[in-house]
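Written out below as C-alpha cells is the structure these notes cover.
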Amino acid sequence: MALRPRQSDIAKMAGVSQTTVSLTLNGKTVEYGINSETEERIMSAARELGYVPNVTARALRGGRNRLIGVHAYEPLFPTSRESYYEEILVGIEQGSIRAGHDLVLFTSMHQQKGPASIFDEGRNRLRIADGALIIGFHQHDEELVRLAEEGFPFVFIGRREKPAALGPYVTAAYVEGVRDVTRHVFELGHRKVAYLGLDDRVEPRVERRRGFQEAVAETGLDVVHDAQLATKTIDEVWLRGLVDSGATALLVESTAQLEVIGALCDRAGLDVPGQISIVGLDSMIDPAVASHPWTHLHVPRREMGMRAVDLLLESLAGLHERTVHERLPCEFVAGSTLLPLT
C-alpha cells in the first residue's frame, strides 16, 4: 500500500522548506511574503503527489479547516417536505457553499449509552470543525454550557432561555409575527376569536402564544376558546362547539392542526372563511398540496439556516460578542381564509 504523501514530500519536490509548504497550504503566503512563483511550485507538487490535508489533525492543533459542523439532537433523515428541518438544512447548505466551507454532520442518535450527547467519553466530538450549528427542540442546556466554557464556537438555530447568555442564536420573530397577525384580525372587524395550539412547551410555540396574548391585551379581543390539544384529539364535535361559541376567527399554531381543521370543515360543510376565518401561525409544508389557500405566517427557516452560517463565521472572525442574538421577521401570507367582517 502506497504511503500517504506528506508535506515533507511536497517540500522535497518543490525545493523549499517544510515550513514554507505548511504556510502556503494554510493560505498564509501574503502574510509571510511567499512569492507567487514559489506558491505555484508548491501547489503543483501537492497536486502531482495527490496530497490531501489531514483536517482532523489541523483542527486538533487549533487551526482553521473550513469545516462547519451541524449537530442535531433529533433525527434529521430521511428528510422530506414534511420535515421541520428540511428548509433549515437547505439554508445551511446554501450558506456554506456561498462561504466556501464544507459541512460535517454530527448525530448523537446512534449512541446507546444514554441520551443524545455532543460529548463521547468526555470528548467534544465537534472539534474536528471550526465551529458548529446546533439544532434541536429539546433542552440540552448543560451541554451548551460546557461548550461555552470550553470556548468552542457555536450558533444555536432557534432560541433557548438559559443558553441565551452562552452563545449566539438565530431564530424567527415569533412574538412579533403573531402579535401583528392578531392585530390584523382585529382590524378586519373580528371581536370574538379562538386560539388552538399544541399541548407542549416547545419554545417557538411558547413565543407564538405570548404574541397572541400581547395583542389580545392591547386590542381587547374576546377569546372565546383557547386550547392546547394533541392533533389527534381534534374532532367535529370540538369544531362545532367552537363555531357555536360565536368565534369568527380561529388562529392555529401547527400546520398539521390546520390541515385537520380544514378536513373537518369540509366534512361538516362549514364554509371557510364564510362561517369562520382561519389563520395559520406557521409555514405551509407544501402550499401546492394544502387543503385550502391558507392565510398564514411564513417562518423564515431557510433564511435562519443561511444566517446561522454567516453568524458563526463572523463570530470566528471576532466580529461579534458571544451573546449576539438575531430574530428574523416572519412574513404574512394573505391567502384567502381570512375574511373582513362588515
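The values are calculated or read from the model by the stated rules, or taken from the named source; none is laboratory data. Source: prediction; values computed, not measured. With ideal geometry, Cβ positions are generated from the backbone for all residues, glycine too; neighbour counts draw on all protein chains shown.
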Glu176 meets each of (1) of a type in the set (Asp, Glu); (2) touching a strand residue (DSSP E or B) at 6+ places or on another chain (Cβ under 8 Å); (3) closer than 19 Å to Gly335 by Cα with one exception, condition (3)
Within region 284-342, the residues that are assigned to a loop (DSSP other than H, G, I, E, B), outside the structural domain of Leu258 (by TED's automatic domain parsing) and acidic (Asp, Glu) are Glu321
Checklist entry - Do we find that Ala215 is under 22 Å from His296 (Cβ atoms) and either crowded, with 16+ Cβ neighbours inside 10 Å or in contact with a His (Cβ under 6 Å, 6 or more places away or on another chain) (or both) in this structure? => result yes
For region 242-259, pairs from a residue that is not assigned by TED's automatic domain parsing to the domain that holds Gln228 to a residue that is crowded, with 19+ Cβ neighbours inside 10 Å, with Cβ under 6 Å and 6 or more apart or across chains, are none
So, first residue charged (D, E, K, R) in region 274-287, second residue in a loop (DSSP other than H, G, I, E, B), Cβ within less than 7 Å, six or more apart or across chains; the pairs are Asp282/Glu253; Asp282/Ser254; Asp282/Val299; Asp286/Arg81
